[in-house]
1. Which FRET efficiency value, to the nearest 0.05, is calculated for Asp74 and Thr37 with the Förster distance at 41 angstrom and r the Cβ-Cβ distance?
2. Round to the nearest 0.05 the FRET efficiency obtained for Glu65 and Glu10 when R0 = 41 Å and r is the Cβ-Cβ distance.
3. Using only Cα atoms, find the angle between the long axis of helix 63-92 and the longest principal axis of the chain, and express it within 0 to 90 degrees, rounded to the nearest 10.
4. Using the Kirkwood radius built from alpha carbon pairs, what does the Stokes-Einstein equation give as D for the chain at 25 °C and 0.890 mPa s, in µm² per second?
5. Sum -39500 (n - 2.57) across every DSSP H segment of at least 4 residues in the chain, then divide by the residue count to get the 222 nm mean residue ellipticity, nearest 500.
Amino acid sequence: MPKKRLSDDEKVAIALAALQQKETVAEICNRFSICETTLYRIRDQALASLPEAMKRHRGGTSAREARLEKETVDLKELIADQACAIQILKKKLPKSMQ
């Protein structure tokens, strides 16, 4: 079959059809003009992404969000340290240079 670029909506529909098992694999492949390998790859990707999606749905944070939050805290601490250093240096400067 010719290579076809599938939209995200098509991939969701394919994964749902595969998981619902109301149609045979061949019927799903014919309906979406894909090969069996593509169907199984899309189904497996959908199943692999479910735990992360469920965490986000429940309000949990993904690994990426947790990393970004830690990075934000670290950067805020760095800014606070720099602000303190600037204040100390300003106090040490002679009045004529301020």
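Derivation of every value follows stated rules applied to the coordinates shown; laboratory data play no part. In this text the structure is predicted, and so the values were computed from the model without any measurement. Cβ coordinates were reconstructed from backbone atoms using ideal geometry, including for glycine residues, and neighbour counts include every protein chain displayed.
1. Approximately 0.40, to the nearest 0.05.
2. That gives a FRET efficiency of 0.90.
3. Approximately 10 degrees, to the nearest ten.
4. D = 135 µm²/s.
5. Value at 222 nm, helices only, nearest 500: -25500 deg cm²/dmol.
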